[in-house]
Amino acid sequence: MKFFIDTANLDQIREAHGLGILDGVTTNPSLMAKEGIKGEQAILKHYQDICTIVDGPVSAEVLSIDFDSIVAEGEKPAALASNIVVKVPMIKDGIRAIKWFTDQGIKTNCTLVFSAGQAILAAKAGATYVSPFIGRIDDSNWDGVDLIHQIVQIYRIQGFETEVLAASIRNALHIVRCAEAGADVCTCPLPSILGLLKHPLTDLGLAQFLADAKNMA
Ligand code: E4P
């Protein structure tokens, strides 16, 4: 399973990249706004900055919701760097745009996916990635990881090549369960990635080893 970081914060991207386990980055308008990025030029510059840190796929989300505007908007970041993936919402014009980008050889990430039916449509349109939002599903009293299982199963049976990118990750257990469910990619906030490191027995064991090591000097 590939690890993407779900942030527009350059320091966090650098920190995750420094671990040597980072495969890519996803952003969204809320994450960009949180970093104070405003206006088309600043947005494009920020994607360029991210691409100087990470070689892997970087999802740049469009703000438009009609076909012509999605295409016009998505072409700009796609022209910046070969690792940019245009992130398009799961709406009717979004599906048309994903098919259009696919035909041009531009990679896409279909976002705001909450059902298997939506995931089938995204795959039919040729999306490179489909992003089911598992944390938001959990928030509405359903099990988001169940949807990952279902989409992975459907894609295998049907031979779809779209990669299942588990999004809206809230904790380390989500990452483990998505790996178990067969997700191709997990996009995670930095604390969830770092949460994978934690186990109290590791801390206790290390403290004991370090204490005993003093007797070896
Ligand atoms: C996915 O690509 C989105 O950026 C993200 O995972 C949404 O997560 P949230 O539900 O925590 O906002």
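The values are calculated or read from the model by the stated rules, or taken from the named source; none is laboratory data. These figures come from a predicted structure and were not determined experimentally. Note that each Cβ is placed from the backbone with ideal geometry, even for glycine, and that neighbours are counted across all protein chains shown. The protein model used for the area step is the full one, side chains on, heavy atoms only, and it has no ligands, DNA or RNA in it. Shrake-Rupley method; radii C 1.70, N 1.55, O 1.52, S 1.80 Å.
The GluC sites (Glu not before Pro) of segment 89-180 meeting both criteria, a DSSP state outside H, G, I, E and B (loop) and at most 16 other C-beta atoms within 10 angstrom of the site's C-beta, are 161.
Summing Lys and Arg as +1 and Asp and Glu as -1 over all other residues whose Cβ lies under 12 Å from the Cβ of residue 4 gives a net charge of -2.
Segment residue 49..residue 124, full-extension length gain: 23.8 nm, with 0.36 nm per residue of separation and the alpha-carbon distance subtracted.
Structure note, pairs 34/124; 45/99; 107/198; 45/107; 38/99; 87/124: Cα-Cα distances above 24 angstrom occur for 34/124; 45/99; 107/198; 38/99. Taking all protein chains into account, the per residue accessible area for the chain stands at 52 Å² (1.4 Å probe).
Stokes-Einstein diffusion for segment 122-195 at 25 °C, viscosity 0.890 mPa s, with a Kirkwood radius from C-alpha pairs, works out to 200 µm²/s. The stretch between residue 91 and residue 194, if pulled fully straight at 0.36 nm per residue, gains 33.7 nm over its current Cα-Cα span. The trypsin sites (Lys or Arg not before Pro) found in segment 1-83 that occupy coil by DSSP, while having at most 14 further C-beta atoms within 10 Å, are 38. Extension gain, residue 75-residue 209: 0.36 nm per intervening residue step, less the Cα-Cα distance, totals 42.7 nm. Around the Cα centre of segment 3-146, unit charges on the Cβ atoms of Lys, Arg, Asp and Glu (plus for the first two, minus for the last two) sum to a dipole of about 300 debye. Inter-label distance, residue 154 to residue 142: 1.1 nm, where each label sits 7 Å from its Cα along the C-beta direction. With all protein chains in place and ligands, DNA and RNA left out, the 1.4 Å accessible area ranks 63, 147 as 63, 147, largest first.
Would you compute, from DSSP H runs of 4+ residues alone, the mean residue ellipticity of the chain at 222 nm, taking -39500 (n - 2.57) per run and dividing by the full residue count, rounded to the nearest 500? My calculation for the chain gives -16000 deg cm²/dmol from helical runs alone.
Each of 148, 207, 176 was placed along the dipole of segment 143-217 (beta-carbon charges, centred on the mean Cα), and the one lying farthest toward the positive end is 207. To put it simply, the accessible area of segment 10-166 at a 1.4 Å probe is 51 percent carbon and sulfur.
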